[in-house]
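These notes are about the structure you will find just below.
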Amino acid sequence: KPNVYIARKIPAEVEAYIAKHCNYSKWDHPEPIPRATLLENLSIAEGLLTSGGKINQELLDHAPHLKVVSTISVGYNNFDLEAMKSRGILGTNTPQVLNDTVADLIFSLILSTARRIPEMDRYVKEGQWKRGDDENLFGLDVHHKKLGIIGMGGIGEAVAHRGKWGFGMEVLYHNRHRKPEVEATLEAKYCTMHDLLKESDFIVLMTPLTAETYQMIGAKEFALMKSTAVFVNASRGATVDEEAMIHALQQGKIYGAGLDVFEHEPLTGDSPLLSLPNVVTLPHIGSSTRQTRHQMAMLAAENLVSALKGETPNNLVKELRT
Ligand code: 8YV
(Lines give C-alpha, C1' and ligand atoms only; values in the text may rest on other atoms or scores of the structure.)
Protein backbone atom coordinates (compact mmCIF):
# COMPACT_ATOMS: atom_id res chain seq x y z
CA LYS A 1 0.00 0.00 0.00
CA PRO A 2 1.27 3.54 -0.73
CA ASN A 3 2.18 5.84 2.17
CA VAL A 4 -0.06 8.88 2.73
CA TYR A 5 0.00 11.80 5.15
CA ILE A 6 -3.36 13.32 6.12
CA ALA A 7 -2.62 16.92 7.05
CA ARG A 8 -6.03 17.89 8.40
CA LYS A 9 -8.78 16.36 10.48
CA ILE A 10 -11.22 14.43 8.26
CA PRO A 11 -14.46 12.49 8.92
CA ALA A 12 -14.00 8.92 10.20
CA GLU A 13 -15.67 7.44 7.13
CA VAL A 14 -13.18 9.17 4.88
CA GLU A 15 -10.27 7.96 6.99
CA ALA A 16 -11.68 4.43 6.79
CA TYR A 17 -11.75 4.70 3.00
CA ILE A 18 -8.11 5.81 2.92
CA ALA A 19 -7.15 3.00 5.32
CA LYS A 20 -8.48 0.42 2.87
CA HIS A 21 -6.06 1.59 0.18
CA CYS A 22 -3.11 3.25 1.93
CA ASN A 23 -0.77 3.18 4.90
CA TYR A 24 -1.19 6.57 6.55
CA SER A 25 -0.38 8.86 9.42
CA LYS A 26 -2.38 11.94 10.27
CA TRP A 27 -2.76 15.31 11.93
CA ASP A 28 -5.86 14.75 14.04
CA HIS A 29 -6.61 18.19 15.49
CA PRO A 30 -9.20 20.78 14.34
CA GLU A 31 -6.65 23.61 14.11
CA PRO A 32 -4.36 23.83 11.06
CA ILE A 33 -1.17 21.76 11.24
CA PRO A 34 1.97 23.76 12.11
CA ARG A 35 4.28 24.07 9.09
CA ALA A 36 7.23 22.43 10.88
CA THR A 37 5.06 19.47 11.90
CA LEU A 38 3.88 19.03 8.33
CA LEU A 39 7.40 19.14 6.89
CA GLU A 40 8.76 16.56 9.33
CA ASN A 41 5.99 14.10 8.43
CA LEU A 42 6.53 13.88 4.67
CA SER A 43 9.77 11.91 4.34
CA ILE A 44 8.03 8.69 3.18
CA ALA A 45 4.74 10.20 1.93
CA GLU A 46 3.71 9.35 -1.63
CA GLY A 47 0.37 11.12 -1.19
CA LEU A 48 -0.61 14.23 0.79
CA LEU A 49 -4.20 15.10 1.74
CA THR A 50 -4.43 18.77 2.71
CA SER A 51 -6.62 21.87 2.53
CA GLY A 52 -4.20 24.74 2.61
CA GLY A 53 -0.57 25.54 3.25
CA LYS A 54 1.92 26.28 0.55
CA ILE A 55 2.81 23.33 -1.69
CA ASN A 56 6.12 24.84 -2.76
CA GLN A 57 9.79 23.94 -3.26
CA GLU A 58 10.38 23.89 0.50
CA LEU A 59 7.64 21.32 1.08
CA LEU A 60 8.53 19.24 -1.98
CA ASP A 61 12.17 19.11 -0.84
CA HIS A 62 10.92 17.46 2.38
CA ALA A 63 8.82 14.92 0.40
CA PRO A 64 11.17 13.02 -1.94
CA HIS A 65 8.63 10.28 -2.66
CA LEU A 66 5.58 12.51 -3.21
CA LYS A 67 3.44 11.66 -6.24
CA VAL A 68 0.17 13.52 -5.60
CA VAL A 69 -1.22 16.37 -3.50
CA SER A 70 -4.99 16.24 -3.02
CA THR A 71 -6.60 19.40 -1.63
CA ILE A 72 -9.96 19.48 0.12
CA SER A 73 -10.92 22.72 -1.61
CA VAL A 74 -11.87 24.00 -5.03
CA GLY A 75 -9.21 26.71 -4.85
CA TYR A 76 -5.60 25.61 -5.27
CA ASN A 77 -3.72 28.90 -5.38
CA ASN A 78 -1.46 27.44 -2.69
CA PHE A 79 -0.05 25.03 -5.28
CA ASP A 80 3.31 26.06 -6.82
CA LEU A 81 2.28 24.52 -10.11
CA GLU A 82 5.66 24.95 -11.81
CA ALA A 83 7.47 23.23 -8.93
CA MET A 84 4.95 20.40 -8.95
CA LYS A 85 5.04 20.03 -12.73
CA SER A 86 8.86 19.97 -12.82
CA ARG A 87 8.82 17.03 -10.41
CA GLY A 88 5.93 15.20 -12.06
CA ILE A 89 3.73 15.62 -8.97
CA LEU A 90 -0.03 15.54 -9.57
CA GLY A 91 -2.42 17.98 -7.91
CA THR A 92 -6.18 17.48 -7.48
CA ASN A 93 -9.01 19.61 -6.07
CA THR A 94 -12.70 19.25 -5.21
CA PRO A 95 -14.82 21.25 -7.68
CA GLN A 96 -18.63 21.14 -8.14
CA VAL A 97 -19.61 19.40 -4.86
CA LEU A 98 -19.56 22.72 -2.99
CA ASN A 99 -21.25 24.95 -5.60
CA ASP A 100 -24.70 25.17 -4.01
CA THR A 101 -23.38 25.53 -0.46
CA VAL A 102 -21.11 28.42 -1.45
CA ALA A 103 -23.86 30.01 -3.56
CA ASP A 104 -26.23 29.85 -0.58
CA LEU A 105 -23.59 31.61 1.53
CA ILE A 106 -23.07 34.25 -1.14
CA PHE A 107 -26.78 35.03 -1.13
CA SER A 108 -26.72 35.25 2.65
CA LEU A 109 -24.02 37.92 2.20
CA ILE A 110 -26.06 39.73 -0.47
CA LEU A 111 -29.14 39.85 1.76
CA SER A 112 -27.25 40.50 5.00
CA THR A 113 -25.41 43.46 3.52
CA ALA A 114 -28.40 44.89 1.63
CA ARG A 115 -30.77 44.68 4.59
CA ARG A 116 -28.10 45.30 7.28
CA ILE A 117 -29.04 42.05 9.08
CA PRO A 118 -26.11 41.81 11.56
CA GLU A 119 -26.48 45.53 12.42
CA MET A 120 -30.26 45.19 12.90
CA ASP A 121 -29.83 42.08 15.04
CA ARG A 122 -27.45 44.00 17.34
CA TYR A 123 -29.91 46.95 17.32
CA VAL A 124 -32.66 44.77 18.81
CA LYS A 125 -30.46 42.76 21.20
CA GLU A 126 -28.79 45.91 22.55
CA GLY A 127 -32.20 47.43 23.36
CA GLN A 128 -31.92 50.24 20.83
CA TRP A 129 -35.25 49.53 19.07
CA LYS A 130 -37.65 52.42 19.37
CA ARG A 131 -40.88 53.32 17.59
CA GLY A 132 -40.65 55.77 14.75
CA ASP A 133 -37.06 54.85 13.95
CA ASP A 134 -38.11 53.54 10.55
CA GLU A 135 -35.98 55.63 8.22
CA ASN A 136 -32.82 54.61 10.11
CA LEU A 137 -33.62 50.95 9.55
CA PHE A 138 -33.97 51.09 5.78
CA GLY A 139 -31.88 48.79 3.61
CA LEU A 140 -31.76 48.01 -0.09
CA ASP A 141 -34.10 45.89 -2.18
CA VAL A 142 -32.52 42.81 -3.75
CA HIS A 143 -35.41 41.48 -5.81
CA HIS A 144 -35.45 42.46 -9.50
CA LYS A 145 -32.13 44.31 -9.23
CA LYS A 146 -29.07 43.75 -11.43
CA LEU A 147 -26.76 40.94 -10.27
CA GLY A 148 -23.25 41.17 -11.75
CA ILE A 149 -21.15 37.98 -11.49
CA ILE A 150 -17.41 38.14 -12.13
CA GLY A 151 -16.34 34.55 -12.77
CA MET A 152 -19.05 32.30 -14.20
CA GLY A 153 -17.75 28.94 -13.06
CA GLY A 154 -19.80 26.34 -11.22
CA ILE A 155 -20.32 28.54 -8.17
CA GLY A 156 -21.05 31.61 -10.31
CA GLU A 157 -23.72 29.68 -12.19
CA ALA A 158 -25.33 28.53 -8.92
CA VAL A 159 -25.43 32.18 -7.78
CA ALA A 160 -26.97 33.22 -11.11
CA HIS A 161 -29.72 30.58 -10.73
CA ARG A 162 -30.58 31.90 -7.26
CA GLY A 163 -30.66 35.47 -8.52
CA LYS A 164 -32.76 34.76 -11.60
CA TRP A 165 -35.29 32.25 -10.26
CA GLY A 166 -35.28 33.17 -6.59
CA PHE A 167 -35.22 36.94 -6.73
CA GLY A 168 -36.23 37.83 -10.29
CA MET A 169 -32.88 39.54 -10.83
CA GLU A 170 -31.32 40.47 -14.16
CA VAL A 171 -28.04 38.57 -14.42
CA LEU A 172 -24.94 40.18 -15.93
CA TYR A 173 -21.65 38.35 -16.06
CA HIS A 174 -18.00 38.75 -17.00
CA ASN A 175 -15.88 35.67 -17.63
CA ARG A 176 -12.79 34.64 -19.61
CA HIS A 177 -15.08 32.72 -21.93
CA ARG A 178 -18.69 33.29 -23.02
CA LYS A 179 -21.19 30.83 -21.51
CA PRO A 180 -23.97 30.46 -24.15
CA GLU A 181 -25.84 27.88 -22.06
CA VAL A 182 -26.08 30.31 -19.13
CA GLU A 183 -27.15 33.09 -21.50
CA ALA A 184 -29.88 30.84 -22.90
CA THR A 185 -31.21 29.33 -19.67
CA LEU A 186 -30.90 32.38 -17.41
CA GLU A 187 -31.07 35.17 -20.00
CA ALA A 188 -27.71 36.20 -18.55
CA LYS A 189 -26.00 39.07 -20.38
CA TYR A 190 -22.26 38.92 -21.07
CA CYS A 191 -20.62 42.28 -20.22
CA THR A 192 -17.22 43.84 -20.30
CA MET A 193 -15.84 44.31 -16.80
CA HIS A 194 -16.36 48.08 -17.19
CA ASP A 195 -20.05 47.76 -18.05
CA LEU A 196 -20.73 45.14 -15.38
CA LEU A 197 -19.22 47.35 -12.69
CA LYS A 198 -21.17 50.39 -13.85
CA GLU A 199 -24.55 48.70 -14.29
CA SER A 200 -24.75 46.17 -11.43
CA ASP A 201 -26.51 46.69 -8.13
CA PHE A 202 -24.91 43.59 -6.58
CA ILE A 203 -21.42 42.53 -7.67
CA VAL A 204 -20.24 39.03 -6.81
CA LEU A 205 -16.54 38.24 -7.29
CA MET A 206 -16.04 34.50 -7.79
CA THR A 207 -12.78 33.97 -9.67
CA PRO A 208 -9.87 31.71 -8.69
CA LEU A 209 -6.77 33.51 -7.35
CA THR A 210 -4.10 33.52 -10.07
CA ALA A 211 -1.38 35.91 -11.22
CA GLU A 212 -3.99 37.42 -13.57
CA THR A 213 -6.72 37.88 -10.95
CA TYR A 214 -4.49 39.17 -8.14
CA GLN A 215 -6.05 42.46 -6.96
CA MET A 216 -8.20 42.58 -10.08
CA ILE A 217 -10.73 44.75 -8.22
CA GLY A 218 -8.98 47.95 -7.14
CA ALA A 219 -9.55 51.70 -6.88
CA LYS A 220 -10.42 52.08 -10.57
CA GLU A 221 -12.98 49.30 -10.40
CA PHE A 222 -14.59 50.53 -7.17
CA ALA A 223 -14.85 54.03 -8.71
CA LEU A 224 -16.96 52.59 -11.55
CA MET A 225 -19.50 51.05 -9.16
CA LYS A 226 -22.78 52.73 -8.21
CA SER A 227 -22.84 54.44 -4.81
CA THR A 228 -25.72 52.06 -4.04
CA ALA A 229 -23.78 48.97 -5.12
CA VAL A 230 -23.05 46.04 -2.80
CA PHE A 231 -19.80 44.16 -3.38
CA VAL A 232 -19.53 40.48 -2.33
CA ASN A 233 -16.34 38.42 -2.29
CA ALA A 234 -16.29 34.70 -1.49
CA SER A 235 -13.40 33.73 -3.78
CA ARG A 236 -10.00 34.68 -2.33
CA GLY A 237 -9.19 37.88 -0.48
CA ALA A 238 -6.20 38.69 -2.68
CA THR A 239 -8.40 39.10 -5.76
CA VAL A 240 -9.23 42.52 -4.24
CA ASP A 241 -7.02 45.50 -3.39
CA GLU A 242 -8.25 45.56 0.21
CA GLU A 243 -6.95 49.08 0.89
CA ALA A 244 -8.88 50.43 -2.10
CA MET A 245 -12.02 48.60 -0.94
CA ILE A 246 -11.73 50.04 2.57
CA HIS A 247 -11.31 53.54 1.10
CA ALA A 248 -14.36 53.10 -1.14
CA LEU A 249 -16.43 51.91 1.83
CA GLN A 250 -15.22 54.67 4.16
CA GLN A 251 -15.92 57.33 1.51
CA GLY A 252 -19.39 55.94 0.73
CA LYS A 253 -18.37 55.23 -2.88
CA ILE A 254 -20.30 51.95 -2.55
CA TYR A 255 -23.18 51.00 -0.22
CA GLY A 256 -21.50 48.03 1.45
CA ALA A 257 -19.52 44.82 1.21
CA GLY A 258 -20.19 41.21 2.17
CA LEU A 259 -16.88 39.41 2.67
CA ASP A 260 -16.11 35.76 3.39
CA VAL A 261 -12.44 36.00 2.43
CA PHE A 262 -9.59 38.38 3.19
CA GLU A 263 -6.04 38.97 1.99
CA HIS A 264 -4.72 37.86 5.39
CA GLU A 265 -6.73 35.24 7.28
CA PRO A 266 -7.80 34.99 10.03
CA LEU A 267 -8.85 38.70 9.90
CA THR A 268 -7.98 40.09 13.33
CA GLY A 269 -6.39 43.12 14.95
CA ASP A 270 -7.13 46.62 13.79
CA SER A 271 -8.41 46.16 10.25
CA PRO A 272 -10.98 48.89 9.44
CA LEU A 273 -13.11 46.12 7.96
CA LEU A 274 -13.85 45.03 11.54
CA SER A 275 -15.44 48.36 12.45
CA LEU A 276 -17.18 49.54 9.27
CA PRO A 277 -20.99 49.28 9.81
CA ASN A 278 -21.62 48.67 6.07
CA VAL A 279 -19.40 45.57 5.97
CA VAL A 280 -20.49 42.03 6.81
CA THR A 281 -17.53 39.79 7.64
CA LEU A 282 -17.51 35.99 7.76
CA PRO A 283 -14.62 33.60 8.63
CA HIS A 284 -14.15 31.89 5.23
CA ILE A 285 -17.13 29.60 5.69
CA GLY A 286 -18.20 29.31 2.06
CA SER A 287 -18.23 25.53 2.07
CA SER A 288 -18.74 25.10 5.81
CA THR A 289 -21.62 22.68 6.16
CA ARG A 290 -21.05 19.20 7.57
CA GLN A 291 -22.57 17.53 4.52
CA THR A 292 -20.55 19.50 1.97
CA ARG A 293 -17.25 19.27 3.82
CA HIS A 294 -17.81 15.50 4.12
CA GLN A 295 -18.43 15.28 0.38
CA MET A 296 -15.32 17.37 -0.33
CA ALA A 297 -13.14 15.23 1.95
CA MET A 298 -14.44 12.01 0.39
CA LEU A 299 -13.87 13.34 -3.13
CA ALA A 300 -10.34 14.43 -2.20
CA ALA A 301 -9.65 10.96 -0.78
CA GLU A 302 -10.94 9.32 -3.97
CA ASN A 303 -8.76 11.65 -6.05
CA LEU A 304 -5.74 10.71 -3.93
CA VAL A 305 -6.29 6.95 -4.10
CA SER A 306 -7.00 7.06 -7.82
CA ALA A 307 -3.76 8.92 -8.52
CA LEU A 308 -1.74 6.55 -6.31
CA LYS A 309 -3.18 3.61 -8.26
CA GLY A 310 -1.64 5.17 -11.36
CA GLU A 311 -4.96 6.33 -12.80
CA THR A 312 -5.53 9.85 -14.11
CA PRO A 313 -7.75 11.24 -11.35
CA ASN A 314 -10.99 12.97 -12.39
CA ASN A 315 -10.10 16.25 -10.70
CA LEU A 316 -6.52 16.73 -11.82
CA VAL A 317 -6.07 20.52 -11.86
CA LYS A 318 -6.05 21.76 -15.42
CA GLU A 319 -2.54 23.28 -15.34
CA LEU A 320 -1.09 19.82 -14.54
CA ARG A 321 -2.96 17.90 -17.22
CA THR A 322 -0.64 16.64 -19.98
C1 8YV B 1 -12.11 26.14 2.04
C2 8YV B 1 -12.46 27.12 -0.12
O3 8YV B 1 -10.87 26.37 1.53
O4 8YV B 1 -12.91 25.25 -1.46
C5 8YV B 1 -12.25 26.30 -1.34
O6 8YV B 1 -11.44 26.75 -2.18
O7 8YV B 1 -12.02 28.22 -0.03
C8 8YV B 1 -13.17 26.56 1.04
O9 8YV B 1 -13.95 25.50 0.64
C10 8YV B 1 -12.16 24.68 2.25
O11 8YV B 1 -13.37 24.46 2.80
C12 8YV B 1 -11.03 24.21 3.16
O13 8YV B 1 -11.00 24.95 4.34
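Brief remarks on what is shown
- Subset tally (residues that are within 16 Å of the ligand (Cβ to nearest atom) and at pLDDT 95 or above) for the range 42-71: 8
- Qualifying residue in the range 149-172 (condition: of a type outside the set (Asp, Glu), at negative phi, touching a Cys at 6+ places or on another chain (Cβ under 7 Å) and in a strand (DSSP E or B)): yes
- Check on Val74, touching a residue at least 24 places away in the same chain (Cβ under 8 Å) and either more than 13 Å from the ligand (Cβ to nearest atom) or over 24 Å from the mean Cα position of the chain (by Cα) (or both): no
- For Asn136: the one exception among (1) farther than 24 Å from Ala234 by Cα; (2) touching a strand residue (DSSP E or B) at 6+ places or on another chain (Cβ under 7 Å): (2)
- Residue in the range 119-135 that is at pLDDT below 95, closer than 29 Å to Val230 by Cα and part of a helix (DSSP H, G or I) present: yes
The values are calculated or read from the model by the stated rules, or taken from the named source; none is laboratory data. These numbers were taken from a predicted model, which means no experiment stands behind them. Quick reminder, even Gly has a Cβ in these numbers, built from the backbone with ideal geometry, and neighbours come from all protein chains shown.
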